[in-house]
Amino acid sequence: MNSNVNRSIIIANIVIYILIFWFGPMLYPEDAMTGLYFKKVFELWGLLPSKFFSGYFWQPITAMFMHAGLLHIGVNMIALYSIGPPIEHTIGSKRYLQLYFISGLTGALFVILFQSGTTTPTVGASGAIMGILGALAVFYPNSYLFVFFIPMKARTAAILFAVGSVLFQVLGAAEEISHLGHLGGLIGGVLFSRFILKLSFFNSVLKEHPIDSIFQPDPFAEKNTPEFHSDEYEKVYYFDPETGRFVAEVRPKKHE
């Protein structure tokens, strides 16, 4: 399975996490012993709406690659490693990269618009990861994944995270988590899948996408079957990651 972009994103997050710990004390030597350098780095490169409106326009991008601790980056990278490859394999590396950044930026937009008064920098890849979950729920709504060790369908997980993000934000629970950032990323991923990739909401329409535009053909599929010859029909192969099988379909040719 080709997941080069997803792998590169994981490596970039880990490298940046290490660099912050390595070079942070060098950038702010006066705070090296107290650990306050961490806070200053986050205020510069994390997402802080007040600074964003003051001209720190790079923050929505850089904040996506910063994490506040081992548990934070560990959970995010495991999630990215788990759900990223199926989507990259399905839509291709270029569109997967677009999905990742658009979801992350949508999450940042929600923080900027609806939490403009926050004084705590928002950091992490969670918004982008939630967007990938949203795409998974659109492409393969019935595929299963573990959420806090509980197996559930991708569609159910997406809805659960969306509702939970709203409730936690309203109730003020777990304030150290950017619930609106999660919600924005999830919505960004769903909208990207719907309007850019032209898929129906929460309904896998795998067969609407020809093999030559998204999937790789199986050279051994139906090798003993005579080729279907016709000026009006063509045979198209589809790969279904949910079953791991290739499906052949005969359909009318499109005449341009």
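The values are calculated or read from the model by the stated rules, or taken from the named source; none is laboratory data. In this text, all values refer to a predicted model and were calculated from it rather than measured experimentally. As a convention, Cβ positions derive from the backbone with ideal geometry for all residues, glycine included, and neighbour counts pool all protein chains shown.
Are any residues in segment 145-162 within 14 Å of Ala135 (Cα to Cα) and in a helix (DSSP H, G or I), and if so, which ones? Let's see the steps before the verdict.
So the first thing to find is which residues in segment 145-162 are within 14 Å of Ala135 (Cα to Cα), and the list is 145, 153-159, 161-162.
Answer for segment 145-162, where residues must be within 14 Å of Ala135 (Cα to Cα) and in a helix (DSSP H, G or I): Ala154, Arg155, Thr156, Ala157, Ala158, Ile159, Phe161, Ala162.
Give the residue that is surrounded by the most Cβ atoms within 10 Å (Cβ to Cβ), with candidates limited to residues of segment 119-132 that are within 11 Å of the chain's Cα centre (by Cα) and small (Gly, Ala, Ser).
Residues of segment 119-132 that are within 11 Å of the chain's Cα centre (by Cα), as a first pass: 125-132.
This time we only want the ones that are small (Gly, Ala, Ser), so: 125-128, 131.
On the way: Ala125: 28, Ser126: 26, Gly127: 33, Ala128: 29, Gly131: 31.
The extreme case among them is Gly127.
How many residues, within segment 188-201, are among the β-branched types (Val, Ile, Thr) and either in contact with a Ser or Thr (Cβ under 6 Å, 6 or more places away or on another chain) or modelled with pLDDT under 90 (or both)? Walk me through it before giving the result.
Taking segment 188-201 and keeping what is among the β-branched types (Val, Ile, Thr), we get 190, 196.
If we keep only those that are either in contact with a Ser or Thr (Cβ under 6 Å, 6 or more places away or on another chain) or modelled with pLDDT under 90 (or both) too, we end up with 196.
Residues meeting the conditions: 1.
Is it the case that some residue within segment 102-113 is hydroxyl-bearing (Ser, Thr, Tyr), more than 18 Å from Ile73 (Cβ to Cβ) and out of contact with any helix residue (DSSP H, G or I) (no Cβ under 6 Å at 6 or more places or on another chain)?
No: zero hits.
From Gly74, Gly134, Gly117, grab the single residue that is part of a helix (DSSP H, G or I) and in contact (Cβ under 8 Å) with a residue 24 or more places away in the chain. I'd like the intermediate steps shown before the answer.
Details: Gly74 fails: in contact (Cβ under 8 Å) with a residue 24 or more places away in the chain; Gly117 fails: part of a helix (DSSP H, G or I).
Selected residue: Gly134, the only one of Gly74, Gly134, Gly117 that is part of a helix (DSSP H, G or I) and in contact (Cβ under 8 Å) with a residue 24 or more places away in the chain.
I need the full set of residues from segment 1-15 which are in contact (Cβ under 8 Å) with a residue 24 or more places away in the chain, surrounded by fewer than 16 Cβ atoms within 10 Å (Cβ to Cβ) and in a helix (DSSP H, G or I), in order please.
Those that are in contact (Cβ under 8 Å) with a residue 24 or more places away in the chain, surrounded by fewer than 16 Cβ atoms within 10 Å (Cβ to Cβ) and in a helix (DSSP H, G or I): Asn4, Ala12, Ile14.
Can you pull out every residue in segment 63-80 that is of a type outside the set (A, V, I, L, M, F, W, C) and farther than 15 Å from Ile18 by Cα?
Scanning segment 63-80 gives a single hit, Asn76.
Matching residues to (1) assigned by TED's automatic domain parsing to the domain that holds Ala174; (2) under 9 Å from the mean Cα position of the chain (by Cα); (3) surrounded by 24 or more Cβ atoms within 10 Å (Cβ to Cβ):
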| residue | (1), (2), (3) |
| --- | --- |
| Leu99 | yes, yes, yes |
| Ser103 | yes, yes, yes |
| Gly117 | yes, no, no |
| Gly134 | yes, yes, yes |
| Val138 | yes, no, yes |
| Pro141 | yes, no, no |
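Looking at Gly84, Gly46, Gly107, Gly92, can you tell me which residue is surrounded by 14 or more Cβ atoms within 10 Å (Cβ to Cβ) and touching a His at 6+ places or on another chain (Cβ under 8 Å)?
On the way: Gly84 fails: touching a His at 6+ places or on another chain (Cβ under 8 Å); Gly46 fails: touching a His at 6+ places or on another chain (Cβ under 8 Å); Gly92 fails: touching a His at 6+ places or on another chain (Cβ under 8 Å).
Every option except Gly107 fails the conditions.
Condition (residue is of a type in the set (Val, Ile, Thr), assigned by TED's automatic domain parsing to the domain that holds Gly84 and at pLDDT 90 or above) applied to segment 161-169: is it met by at least one residue?
So the first thing to find is which residues in segment 161-169 are of a type in the set (Val, Ile, Thr), and the list is 163, 166.
So of that shortlist, the ones also assigned by TED's automatic domain parsing to the domain that holds Gly84 come out as 163, 166.
Checking which are at pLDDT 90 or above leaves us with 163, 166.
Scanning segment 161-169, I find at least one residue that is of a type in the set (Val, Ile, Thr), assigned by TED's automatic domain parsing to the domain that holds Gly84 and at pLDDT 90 or above, so the answer is yes.
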